[in-house]
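J.: Pasting a structure here, questions to come.
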Amino acid sequence: MEQISSLKKIQKARTIGSFFLLAFLLYGIGRNIFESETLTEKYTGALLIIANSIIVLLIGIFLRKTLQKHNVLVGNIYLFSRVFEAIALASVVLNIIPTVNVSLDYGYFLAMIVLGIGSIPMCFILLEHKIIPKWLAIWGMIGYAVFTFGFLMELFGKEWSMYLLGLGGLWEIYFAIWLIIKGGKITTC
């Protein structure tokens, strides 16, 4: 019985890791296709962006369960950041409506700022409770802080995000792969 429970926990960790990677692909490809002038491609891109938002919500829901076992407030903050991210990223699809003109960038910038702010305490809880390796949690906190600052500067007209998102973006990719391969204590989801 315990072995079945352990296998389910490992599968959940792998699912979360897969969702992190899938979100990158769905939004990246979807946003690129969405900017096409062809209506069919625009609709396809919109569907991929909406699929990304669903995956982002699921990441928030699944990780919230783990985080709340250690800190209810941080679990809720992380979920809120993922809900906000999902809505802000999906807002771009409103541009399908001819009379609507939503900025393709501001929704993205705001989504990334809120994600970064909500992910720093998440990484702290992962560190404090030794859920992931210490170096990985510290990398996440620093990466998200730098990442957030870069996107905050975008709101002030400074095009810094592309230079400062690497550390946080690479952390998400590494964290995802780590979850898929190792699982670690995150399997308490």
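J.: Just how large is the dipole of the chain about the Cα centre, in debye to the nearest 20, putting +1 at every Lys and Arg Cβ and -1 at every Asp and Glu Cβ?
T.: It works out to roughly 980 debye.
J.: Now for a separate question. Any chance you could tell me what percent of the C-alpha pair distances in region 2-188 go past 26 Å?
T.: Everything past 26 Å amounts to 31 percent.
J.: So, one more: To the nearest 10 degrees, how steep is helix 106-128 against the longest Cα principal axis of the chain, on a 0 to 90 scale?
T.: That works out to roughly 10 degrees.
J.: Using a Förster radius of 25 Å, what is the FRET efficiency between Gln11 and Asn76 based on their Cβ-Cβ separation? Nearest 0.05, please.
T.: The computed FRET efficiency comes out at 0.50.
J.: While we're looking at this one, here's another question. Which distance in nm do the two modelled labels at Lys182 and Ile61 give, with both placed 7 Å along the Cα-to-Cβ direction?
T.: Each label point is offset 7 Å from its Cα along the Cβ direction, giving 2.8 nm.
J.: Pick out, from Pro121, Ile181, Phe156, the residue whose Cα sits farthest towards the positive end of the charge dipole of the chain, with +1 on the Cβ of Lys and Arg and -1 on the Cβ of Asp and Glu.
T.: Result: Ile181.
J.: Among all stretches of the chain without exposed GluC sites (Glu not before Pro) (DSSP loop, at most 15 other Cβ atoms within 10 Å), which one is longest?
T.: The longest uninterrupted stretch comes out as 38-158.
J.: Summing Lys, Arg as +1 and Asp, Glu as -1, what charge do residues with Cβ under 11 Å from the Cβ of Val56 carry, Val56 excluded?
T.: Every neighbour counted, the sum reads 0.
J.: Of Trp135, Trp171, Trp160, which has the largest mean-square fluctuation in a 10 Å C-alpha GNM of the chain?
T.: Comparing Trp135, Trp171, Trp160 in a Gaussian network model of the chain, the most mobile one is Trp135.
J.: Additional query: Any idea which of Leu136, Tyr27, Phe84 is furthest toward the positive side of the dipole for the chain, if Lys and Arg beta-carbons carry +1 and Asp and Glu beta-carbons -1?
T.: About the Cα centre, the residue reaching furthest to the positive side is Leu136.
J.: If Lys and Arg each add +1 and Asp and Glu each add -1, what is the summed charge of the other residues whose beta carbon sits under 11 Å from the beta carbon of Gly107?
T.: Within the 11 Å Cβ shell, the charges total -1.
J.: Now a separate question. Measuring from label point to label point, each 7 Å out along Cα→Cβ, what is the Phe124 to Gln68 span in nm?
T.: It works out to 2.1 nm between the two label points.
FYI, it's all coordinate maths here, none of it is from the lab. Computed from a prediction, not measured in an experiment: that's the story for all the values here. Virtual Cβ from ideal backbone geometry, glycine too; neighbours counted across all protein chains shown.
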